[in-house]
Amino acid sequence: MRTLADALHPARRWTLLLALAEFLALFLAFQFAVFVRFFGDVALIEAAFGDSLARGLLFACVLMLAMTSMGLYAGQSRDGWSGHAVRVLVAFVGGGLVLLAVLYATPVKDVGRGVMAIALASGFVAVLALRALALAVGRGELLRRQVLVLGTGEKADLIHSRLRRASDRRTFGIVGYVPMPGDAPRVPVELHLDASQGLVALVDLLAVDEIVVAPDCRRGTLPLDALMACRLRGVLVNELHDFLEMQTGRAQINVLSPSWVVFESGFDRGVVRSASKRAFDILSASALFVLALPVMLLTALCIKLESGPRGPVFYLQERVGEGGRTFRVIKFRSMRTDAERDGVARWATSDDDRVTRVGRVIRKLRIDELPQVVNVLKGEMSFVGPRPERPAFVEQLEREIPYYGLRHVVKPGITGWAQLRYAYGASVKDAEEKLKYDLYYVKHQSLMFDLLVLLQTVEVVLFGKGAR
């Protein structure tokens, strides 16, 4: 059995060290911007706005507050590098707007747009570099949440057995498992912790950020008073299925029931969320259309050259959207015109012989999806959401997979969480696995989540992961 001293972890001290390093980096970024903007001319700097030290401290403080509000120093992060990058980006956008308001409202000489732009850009790069370094050191030990598990039986062993790889634990570390009455030990005894001094004392000593409640027998065994005391100290207390859901990024379908939708937190479909989602869709689709227009024109030309003047460039196909309503999705044609000449709907497969030569390239690079920006601008699709399926497949899948229809409570997307986390589905089993990720997205959808999916989609497109 592990002793308390063996499990002690200095994560909170490292988080403070990271915060100090990032504060210094932001302050130096401002000084660097002043130096670059005024070519190091001290007299010119003095004439422009006087002492730059006070402005630099204000710059660093505002951005540190913005990053704190985004949970970057909570010590309970579930994010990898992509998640941190999105949070830093949002913090810099919000902090930058606050700085513009504060600096230009003060009665002293203003900083100037050039200094502000250089400071924000260099500060952003510096913070991302520090985050990447922190996540790389000790496989992310500096930023990982410290998790204590109540239980050593069959349920607790799900964490030990399912999340045992280093890649599965990149955002958290298990400090140990506390034996509970009624558990038949399944977790190795060397991972057990002695809680004879009390759960609160154990949590304090190990700097625990989160407690996972996973005993096999709950009736009369949970230390509710101690759990309440830990919760009031800022320690998260989660059920096993919630913890597994957050760590795997997918809903646990085996525990789904109508009460999961009725009582679980999430599923935010309020006016603010709907309005921000639509604004995000319009801005993203418009930007993508402008940036990708040369690629789209070149793709259309290649399809015409391969298929001849009579071959269609676009492929319109009926798909199921929000609320079960159908619409016609627009894609670049990547298959032969007679791909389904018998009228029977078929899933695409690896090395599908119906795919044209141009089609193989544009499918690999996801270029065939670009015309769907028109569907987004029309309001039929969203930029991020579950993949829209054909009516024939939906009818089959709703018969064979419980709760499959829940994915239609949001608009389908050009890209989505399931597309990133699971290979292209070509069977009912694949559809069931992808549903777990789709329902996770439906439950946890937010602007932050959409930005994270977009950032990871860029990575997928650049490296060709998961394309078929």
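The values are calculated or read from the model by the stated rules, or taken from the named source; none is laboratory data. The shown structure was predicted, so the numbers you read here are calculated from the model rather than taken from an experiment. Using ideal geometry, Cβ is built from the backbone for each residue, glycine included, and neighbour counts are taken over all protein chains shown.
For region 276-301, which residues satisfy the criterion of being polar (S, T, N, Q) and farther than 16 Å from T457 by Cβ?
The answer is S276, S286, T299.
Can you tell me which residues in region 306-322 are at pLDDT below 90 and either of a type in the set (V, I, T) or in a helix (DSSP H, G or I) (or both)?
E306, S307
I'm trying to understand the selection: among the residues of region 356-383, which are under 11 Å from M335 (Cβ atoms) and within 23 Å of the chain's Cα centre (by Cα)?
none
Being assigned to a helix (DSSP H, G or I) and at pLDDT below 65 is the filter here; which residues of region 1-42 pass it?
Hits for region 1-42 are L4, A5, D6, A7, A11, R12, V42.
Considering region 269-291 alone, what residues qualify as being exposed (fewer than 13 other Cβ atoms within 10 Å of the Cβ) and basic (K, R)?
The answer is R269, and nothing else.
All but one of (1) within 25 Å of M448 (Cβ to Cβ); (2) at pLDDT 90 or above; (3) of a type in the set (A, V, I, L, M, F, W, C) hold for L150; which doesn't?
Going through (1) within 25 Å of M448 (Cβ to Cβ); (2) at pLDDT 90 or above; (3) of a type in the set (A, V, I, L, M, F, W, C) one by one, L150 breaks only (1).
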